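Here the structure comes first, spelled out in structure tokens, and everything after it is commentary.
The values are calculated or read from the model by the stated rules, or taken from the named source; none is laboratory data. Remember, it's a predicted structure, so these values are computed and weren't measured experimentally. Cβ placement follows ideal geometry from the backbone for every residue including glycine, while neighbour counts extend to all protein chains displayed. Please note that ligands, DNA and RNA were not included when accessible areas were found on the heavy atoms of the full protein model with its side chains. Shrake-Rupley method; radii C 1.70, N 1.55, O 1.52, S 1.80 Å.
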Amino acid sequence: MHLLPPVTLYPSISISSMFKFFTTLFVLWSFDSSSLLSSALPNSPTLGSRSILRAIKRGADRPSLVVDLNSTNFDAVLKETPAAYAIIEFFAHWCPACRNYKPQYEKVARLFNGANAIHPGIILMTRLDCAHKANTKLCTAFSVHYFPVLLWGPPAKLIAGRYNGKKVKSEIKLVEDWESSKLLLNWINTQLKSSYELEDEKFEHDELLQSNVSDSGQVARAIYDVEESTTIAFDIILEHKMIKSDTRAIFIKFLQLMVAHHPSRRCRKGSANILVNFDDLYPSNISSINNHEVDNIIGLDALSTFQICGKQVPRGYWMFCRGSKKDTRGFSCGLWVLLHSLSVRVDDEESQIAFKATCDFIHKFFICEECSQHFYKMCSSVSTPLNTTREFVLWLWTVHNKVNERLMKTESLLGTGDPKFPKIPFPPNQLCPSCYSNNQTKENNSSINWDHNEVFKFLLDYYGNMLVSSYKDKDTDIISHVSITSQVDSDDLVSGTAIVVPVGAAMAIAVASCLFGALAYVWRSRQKNRKYFHKPEFLKNV
């Protein structure tokens, strides 16, 4: 008996195949229908809904340059900003007027905020959403009763102060003309006696560029450039895997120098954190490990997670070290300021150690080959030890001027220099007239009759107290405002995260903190002396 062939609906397609085909279609249709149905439901950001279209549109916009504040980061952001002033826009995300004003505020923020700021380090443009319950106390402390409200003031005053809405003489001011970007910028220009315009472009019309040469106080802006240069140098070392068996000790010695003498608290703390954990991250027996095993050590990857100068380092600002055109000054300038700032902070007995650590570090870790070799050649020409701070400071100053003299000729020939910051002998007459004997100012550095005692005094102050003055000013402002809160009424109490502590409890906390600090110091000292055969003779309190 012969079986009938299977019934077909189309040549070469069986009923079973068709059944599978229609089943698949049904499943796909059901999935698509459910997706379409869910897109009609509120708050569902799926394909086909208006919310996804809004999200796509937002993604096409420029990222916001305004810094978002909240009750958690308020104090930290304002304390760490390099800007001399800050504006806070108090708003509510549901407020139509606030939403309409946002593009106007962003236009002004473009001038002052972000890595590509036209005029960095002057104003920090921020906003605070008062519609979030977590921010209610902050908004109340600044007497915000409607939206939007814009307040202006030095960051330290905004951290430590309050605004009661009264038009009294205060460094915290209500921005009265803000309705458009033009009005807001005009108001800012009135406060700063400046002439900024919305059409300003980077490296143009920047009055602060030339002030670096004529105003010695501008070096205070370089503290942020030093932090950024330190971070970039650390990133370069890790990216190029430059820590090897023959460079490990050199890296440790320079790290010890930074822990003791880096002008930035954040960088000292970050360097100490790396130093204490370095043996675990990069074993001392690295020389006995072959290259393949070295690449597989887990600790090497972990080293990149350490923030040598903290998480809040401003990036791309280059304020004091900012060139008048792209790719001039910046990192190299910041690195020079770092070296000078280290030199003026070492003690006499540390000078030779610091000199050797600096020379070896530049030789092994500065990846501009010509510059590195030229610097190390000058290091090798030193025949006698540098026994005093003065000798080390003046040696580094002499080397820097020799480098400038060499680059000046090359840049003049090729036209690659910065027209507003040509290489000249440092310090110029405008910064230190007394550094020149008989007020001699010649282009050739070797022909200048320097008064080395005056040069040393200038360098000590310039790269010492003046460099860190912005840190000191901020701390003084904040502490002075907090200390007087017990003498004023409740309207002037410190806002934000300040807590009132009874005197007895405060004393107990202070004593406990001192004991804990002493124990931590002893433990850390033992750890470092135990771990490193390179004794950190000049390691000081972080």
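Summary table below
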| quantity | calculated |
| --- | --- |
| Checking Tyr317 against (1) part of a helix (DSSP H, G or I); (2) crowded, with 17+ Cβ neighbours inside 10 Å; (3) at pLDDT below 80, the condition it does not meet | (1) |
| His132 being over 15 Å from Ala86 (Cβ atoms) and under 29 Å from the mean Cα position of the chain (by Cα) | yes |
| Test: Gly323 is at pLDDT below 95, in contact with a helix residue (DSSP H, G or I) (Cβ under 9 Å, 6 or more places away or on another chain) and on the phi > 0 side of the Ramachandran plot | no |
| Single residue of region 410-444 satisfying the filter (part of a helix (DSSP H, G or I) and at pLDDT 85 or above) that is farthest from Tyr462 (Cα to Cα) | Ser437 |
| In region 334-384, residue modelled with the lowest pLDDT [restricted to those that are in a loop (DSSP other than H, G, I, E, B) and touching a Phe, Trp or Tyr at 6+ places or on another chain (Cβ under 8 Å)] | Phe366 |
| Selection count where residues are surrounded by 15 or more Cβ atoms within 10 Å (Cβ to Cβ) and under 28 Å from the mean Cα position of the chain (by Cα), scope region 346-398 | 19 |
| Unique residue being in contact with an Asp or Glu (Cβ under 6 Å, 6 or more places away or on another chain), closer than 16 Å to Pro82 by Cα and open to solvent by 10 Å² or more (accessible area, probe 1.4 Å) when the list is Ile122, Ile159 | Ile159 |
| Subset of region 53-99 (residues that are open to solvent by less than 50 Å² (accessible area, probe 1.4 Å), among the aliphatic types (A, V, I, L, M) and modelled with pLDDT under 85) | Ala55 |
